[in-house]
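J.: Below: one structure in structure tokens.
Throughout, read-outs are computed from the coordinates displayed, never taken from laboratory work. No experiment lies behind these values; they were computed from the predicted model shown. Counting neighbours? That spans all protein chains shown, and the Cβs are built from the backbone with ideal geometry, glycine included.
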Amino acid sequence: MKKGIIGVLIAAMLFSGVAGAFAQREIKLGHIAAPNTAYDNWAKEFKRQVEEATNNKYKIVIYAGGQLGGSSALMEGLQAGNIQLAVITTSDINQFVKEIDVLDMPFLFRDWDHVEKFLASDVNKKLMSLGDKYGLHMLSSMPRGYRHVTTSAKVGPITKPEDFKGVKIRVAESPLYIDIFRALGANAQAMAWGEVYTALQQGTVDAHENTIVTTRDYKIYEVQKYMSETGHTFAFGTLMASLDWFKKLPAEDQAIFQKAADDSAVKLGIVQKNDEANAKAELIAKGMIFNSVDKAPFNVLTKPVVEKYARGVMKEFYDQIVAIR
């Protein structure tokens, strides 16, 4: 009888150990994007590569659409260890890593080639390493495309800086973005992404700025008429991990996660780049009107913003990025 009880107890302990080990290997990956859009597709490709390379040792569970909270909540979850991985809009990381603002400097990147060379550079590796100080281990960044300005039929297209006068434009929740558009004469209003469509629909704001692909994916064409190709900044997404969790992984598994992060970022970045032309054609078919812009006068007006932010370490990063050829 006693032997039977002991056997049951041993079996229960073993099962508990196995369950505990499995729980440790079930990984939460959160992001704010809608299913089957850029961040979600990146998360799925990263998941596929990790699970394949580890023979399903790890199970990555993706929580899309802000199920685990917005960018701030996701990063706080990483710091606390409640979430293991997250895809974050790179601009939002400035809440912790102020130096990341350098990537949002107006008219910094010359073209996609410049962006891709930067992402492969030691400058980028050094910039991403700064997150470790805050418990946010940045694994890789994905290029999303140039950000342009969309406006309502009432406002009309933006062809010169003077067209921004009195225009209420939604910008990312970043002091830098606010300063960029105030320098151009607009009434810049920071707003969480989840509120943007309704704000445009109701006329709370007249305009917004984002990539061509995002404008299509989130049906902004339903509430905006014009897209002026200002290309004022370049958008990135960043895949990051909880530093404490990542450091506890075996070295060989850390290498697998890092490789999957790098390879999936490159793969999905190419998808984003190639999708721009398709997205533009689709938006035009939906009734949006595109217009090209002479960027020179916009660039001149935003120079004081660059001078304000590009100081100290930020200036060093800025100069190194500009120098990439």
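J.: Among the listed pairs 98/308; 47/117; 98/303; 57/125; 125/295; 125/303, give every one whose C-alpha distance is greater than 23 Å.
T.: On the way: 98/308 13 Å; 47/117 25 Å; 98/303 19 Å; 57/125 28 Å; 125/295 30 Å; 125/303 26 Å.
Those over the limit are 47/117; 57/125; 125/295; 125/303.
J.: On the principal axes of its Cα set, how long, how wide and how thick is the chain? Give whole Å, largest value first.
T.: Sorted from largest, the Cα extents of the chain read 89, 41, 30 Å.
J.: Toward the positive end of the charge dipole of the chain, about the Cα centre and with charges on Cβ (Lys, Arg +1; Asp, Glu -1), which of 249, 138, 150 goes farthest?
T.: It is 249, whose Cα lies furthest towards the positive end.
J.: Counting other beta carbons within 10 Å of each Cβ, put 216, 170 in order, fewest first. Mind showing how you got there, number by number?
T.: Numbers: 216 21, 170 25.
Ordered from fewest to most neighbouring Cβ atoms within 10 Å, 216, 170 come out as 216, 170.
J.: Excluding same-chain residues fewer than 8 positions from residue 280, which lysines have a Cα within less than 18 Å of its Cα?
T.: Partners within reach: 219, 225.
J.: Tell me the Kirkwood hydrodynamic radius of the range 110-244 in angstroms, computed as one over the mean inverse distance between distinct C-alpha pairs.
T.: Values: mean 1/r = 0.0619 Å⁻¹.
Answer for the range 110-244: a Kirkwood hydrodynamic radius of 16.2 Å.
J.: For the range 222-310, rounded, prolate or oblate, judged on the Cα gyration tensor with a ≥ b ≥ c (square roots of eigenvalues), a/c < 1.5 rounded, else prolate if a/b > b/c? Each step should come with its number before you reach the end.
T.: Details: a/c = 3.39, a/b = 1.66, b/c = 2.05.
Since a/c reaches 1.5 but b/c is at least a/b, the shape of the range 222-310 is classed as oblate.
J.: Within the range 2-323, what percent of beta bridges assigned by DSSP are antiparallel, to the nearest 5?
T.: Of the beta bridges lying entirely in the range 2-323, close to 55 percent run antiparallel.
J.: Can I ask one more? Order by neighbour count: 257, 46, fewest other Cβ atoms within 10 Å first, most last. Show your work: numbers first, answer last.
T.: Working: 257 25, 46 28.
Going from least to most buried by this count: 257, 46.
J.: Sort 92, 262, 111 so the one with the fewest other Cβ atoms within 10 Å of its own Cβ comes first.
T.: Working: 92 22, 262 18, 111 10.
Final ranking by Cβ density, sparse to dense: 111, 262, 92.
J.: What do you get for the angle between helix 251-285 and the principal long axis of the chain? Use alpha-carbon atoms, 0 to 90 degrees, nearest ten.
T.: 30 degrees
J.: Give, rounded to the nearest 20 debye, the magnitude of the charge dipole that the chain has about its Cα centre when Lys and Arg contribute +1 at Cβ and Asp and Glu contribute -1 at Cβ. Mind showing how you got there, number by number?
T.: On the way: 39 positive and 37 negative charges, 103 e Å.
Magnitude of the dipole: close to 500 debye.
J.: Given the -39500 (n - 2.57) contribution per DSSP H run of 4+ residues, what per-residue ellipticity at 222 nm results for the chain, rounded to the nearest 500 deg cm²/dmol? Working shown, then result.
T.: Working: 12 runs with 154 residues, N = 325.
Rounded to the nearest 500, it is -15000 deg cm²/dmol.
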